[in-house]
Amino acid sequence: MKRHRLKVEILDEIPTIFDQITSRQVSLREFYQYKLNKMAFIKSISGFRGTIGGKAGENLTPQDIVECTAAYAEWMVRNGKKNKVVLGRDARPSGEMVSQLVTATLVAKGFDVVIDLGLSTTPTVEMAVPHVGAGGGIILTASHNPHVWNAL
């Protein structure tokens, strides 16, 4: 429901934004940055993504990363999954920091083995899970979003 409301809000703003951009009151880049900050933390079926830093719950902060990782670990335990997770990431500037937080959280939750592939693709992590007999996998990438974003 929220995503639809956001789309409507953006569509309602288009005439004003178009006028501002064409009259050079605001650049397309400035508008894009404004929208990135307005929609900074997204929770969906495909994971959690957001801009790095800011307030917890509004952006993707270390607290959010730990909470989301801990929730995933608890889900794995509740569902009888093996306590082994494959982890991979893309080359975003925040990737190493997010990876360290995820690894530390999984270890703190009692996961004995975390297989860190380092720089890798989503399909690589997906294929590695059954190959190494892991209970699940986490890929750290915000896909098509700009480098200031990251995701689990």
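Scanning the range 103-132 for residues that are at positive phi and modelled with pLDDT of 95 or more yields a single hit, G118. Taking Q63 as the residue in question, decide whether it is assigned to a helix (DSSP H, G or I), under 16 Å from the mean Cα position of the chain (by Cα) and at pLDDT 95 or above. It is false that Q63 is assigned to a helix (DSSP H, G or I), under 16 Å from the mean Cα position of the chain (by Cα) and at pLDDT 95 or above.
Looking for something crowded, with 20+ Cβ neighbours inside 10 Å and touching a Cys at 6+ places or on another chain (Cβ under 8 Å) - is there at least one such residue anywhere in the range 125-135? Checking the range 125-135: not a single residue is crowded, with 20+ Cβ neighbours inside 10 Å and touching a Cys at 6+ places or on another chain (Cβ under 8 Å).
Listed by first and then second residue, the pairs linking a residue in the range 63-77 that is under 15 Å from I52 (Cα atoms) to a residue that is at pLDDT 95 or above, with Cβ atoms under 7 Å apart and 6 or more places separating them unless they lie on different chains, are I65/V98; I65/L101; I65/V102; V66/L101; V66/T105.
Here is the figure for the range 66-108: residues that are of a type in the set (S, T, Y) and assigned to a loop (DSSP other than H, G, I, E, B) total 1. Residues satisfying the criterion are present in the range 102-110 (criterion: buried (at least 19 other Cβ atoms within 10 Å of the Cβ) and either under 15 Å from the mean Cα position of the chain (by Cα) or of a type in the set (D, E, K, R) (or both)).
The values are calculated or read from the model by the stated rules, or taken from the named source; none is laboratory data. Keep in mind that what you see is a predicted model, and the values were worked out from it rather than measured. Every residue, glycine among them, receives a Cβ derived from its backbone with ideal geometry; neighbour counts consider all protein chains shown.
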